[in-house]
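Colleague: Have a look at this one before I ask anything.
The values are calculated or read from the model by the stated rules, or taken from the named source; none is laboratory data. Just so you know, these numbers come straight off a predicted model, no measurement behind them. Here the Cβ positions follow ideal geometry from the backbone for every residue, glycine too, while neighbour counts run over all protein chains shown. These area figures cover heavy atoms from the full protein model, side chains too; ligands, DNA and RNA do not enter into them. Shrake-Rupley method; radii C 1.70, N 1.55, O 1.52, S 1.80 Å.
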Amino acid sequence: MYTLAKPIAICRHEATQGPAYLQTFLDQHDIPYRIFAIDAGDTPPNRAAEFSGIVILGSNASANDGFSWIRREDALLQDALQRNRPILGHCFGGQMLARALGAKVRRNSVPHIGWGKVLVTTFPEAQYWMGAKRELNIFHWHFDTFEIPRGAKRMLFGHYCMNKGFAHGPHLALQSHLEVTAASIRQWCAEDQASLLKYQHLPSVQSENEIMHNLDRKVATLHQLANHTYRQWLRNILIRPELDASTSMAIQRPKGGLGWGYTLMQHEMRN
């Protein structure tokens with residue numbers, strides 16, 4: 001039987017850009033995690049040995065900025081790659097993963113804000129990560145974009161931004177947001193009204209009314225996709241047996257417990 005002896009590290013950079021639905025998903029499955037609130041003064045870890053996986057969330061900063069916390073997260077991702085600890089990057093986090101894998105991050109040709117269709121590539125890995133549908137309606141709010149790192153596979157591409165997601169072994173980068181909720185989307189619109197107004201002439205930027213139209217229905221569909229993608233990412237952790245059972249007993253879990261792996265396996269059997 002496989003167990004999770006160490007929590008997942010989640011790096012949050014803005015108070016309004018927390019794990020949101022990802023946190024709900026983890027709690028539902030009793031999965032241990034620890035949130036590092038960089039916006040509230042927490043120092044991000046720079047070593048991955050204490051964690052089963054790494055999640056990097058969105059940020060108003062650019063991955064190319066030289067802030068000290070970005071340098072620490074760079075070190076964290078490099079260590080996670082060396083230890084093969086699965087990494088999940090949302091938007092800014094996807095850009096950070098791309099950089100850690102040697103790819104460049106640059107300004108996108110246009111800002112991309114709002115709901116928008118993306119296409120799933122035909123790679124077998126894309127179906128593994130994103131499910132059977134070839135077209136998805138997901139939520140975007142970004143100004144930068146990443147290159148696809150050498151050895152990675154493009155998962156998603158879009159009209160306003162070619163590189164919407166890539167996978168590299170157990171690691172996944174998304175240039176979009178699966179973790180948002182209706183409440184967090186409303187917060188983002190209220191917080192960054194300036195961008196919505198400044199770029200409203202661009203077809204790549206939706207108005208607040210367009211973003212809010214049928215919001216609950218669109219978020220519910222988004223979370224169905226998130227359930228699949230998060231489950232696939234967690235499977236990469238689940239298949240890693242603990243090398244030292246005594247270590248598992250000694251670790252204090254900040255959230256969740258030992259039963260999450262069993263819960264996920266039971267869910268897979270039912271589906």
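Colleague: Which one is farthest from Q95 (Cα to Cα) among residues in segment 70-81 that are touching a residue at least 12 places away in the same chain (Cβ under 8 Å) and either charged (D, E, K, R) or open to solvent by 50 Å² or more (accessible area, probe 1.4 Å) (or both)?
Modeller: For segment 70-81, the residue satisfying everything is D79.
Colleague: Write out, first by first residue and then by second, each pair whose Cβ atoms fall under 6 Å of each other, whose residues are 6+ apart or on separate chains, and whose first residue, in segment 203-215, is closer than 14 Å to F143 by Cα while the second is of a type in the set (A, V, I, L, M).
Modeller: S204/V110; V205/I113
Colleague: Only one of R99, R83 is over 17 Å from the mean Cα position of the chain (by Cα) and within 24 Å of I38 (Cα to Cα). Can you tell me which? Walk me through how you get there before you give the answer.
Modeller: Numbers: R99 fails: over 17 Å from the mean Cα position of the chain (by Cα).
Of R99, R83, the one residue that is over 17 Å from the mean Cα position of the chain (by Cα) and within 24 Å of I38 (Cα to Cα) is R83.
Colleague: Of everything in segment 17-35 that's more than 15 Å from the chain's Cα centre (by Cα) and open to solvent by less than 50 Å² (accessible area, probe 1.4 Å), which residue is farthest from E73 (Cα to Cα)?
Modeller: Among those that are more than 15 Å from the chain's Cα centre (by Cα) and open to solvent by less than 50 Å² (accessible area, probe 1.4 Å), it is H29.
Yes or no, residue by residue, for (1) farther than 16 Å from Y160 by Cβ; (2) of a type in the set (F, W, Y):
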{"residue": "H90", "(1), (2)": "yes, no"}
{"residue": "G116", "(1), (2)": "no, no"}
{"residue": "L136", "(1), (2)": "no, no"}
{"residue": "F139", "(1), (2)": "no, yes"}
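Colleague: Which condition from (1) of a type outside the set (D, E); (2) assigned to a strand (DSSP E or B); (3) under 27 Å from S207 (Cα atoms) is the one that F166 breaks?
Modeller: Here F166 meets the rest and fails (3).
Colleague: Looking only at segment 100-117, count every residue that is surrounded by fewer than 22 Cβ atoms within 10 Å (Cβ to Cβ) and under 29 Å from I211 (Cβ atoms) and tell me the total.
Modeller: Here is the first cut: in segment 100-117, the ones surrounded by fewer than 22 Cβ atoms within 10 Å (Cβ to Cβ) are 102-111, 114-117.
So of that shortlist, the ones also under 29 Å from I211 (Cβ atoms) come out as 105-111, 114-117.
Residues that pass the stated criteria total 11.
Rundown of residues vs (1) modelled with pLDDT of 95 or more; (2) over 21 Å from L97 (Cβ atoms); (3) open to solvent by less than 30 Å² (accessible area, probe 1.4 Å), yes/no style:
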| site | (1), (2), (3) |
| --- | --- |
| P170 | yes, no, yes |
| A173 | yes, no, yes |
| N214 | yes, yes, no |
| H228 | yes, no, no |
| S248 | no, yes, yes |
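Colleague: Being open to solvent by 10 Å² or more (accessible area, probe 1.4 Å), touching a residue at least 24 places away in the same chain (Cβ under 8 Å), under 20 Å from I237 (Cα atoms) and not polar (S, T, N, Q), is that true of even one residue in segment 87-99?
Modeller: No, the conditions are met nowhere in segment 87-99.
Colleague: Among the residues in segment 1-11, are any among the charged types (D, E, K, R) and either at pLDDT 95 or above or open to solvent by less than 20 Å² (accessible area, probe 1.4 Å) (or both)? Walk me through how you get there before you give the answer.
Modeller: Kept after step one, since they are among the charged types (D, E, K, R), are these residues of segment 1-11: 6.
Filter again for either at pLDDT 95 or above or open to solvent by less than 20 Å² (accessible area, probe 1.4 Å) (or both), leaving none.
The answer is no; no qualifying residue exists.
Colleague: Now, a different point. Which of the residues spanning segment 48-73 are in contact with a helix residue (DSSP H, G or I) (Cβ under 9 Å, 6 or more places away or on another chain) and of a type in the set (S, T, N, Q)?
Modeller: Passing the criteria: S52, S59, N60, S62, N64.
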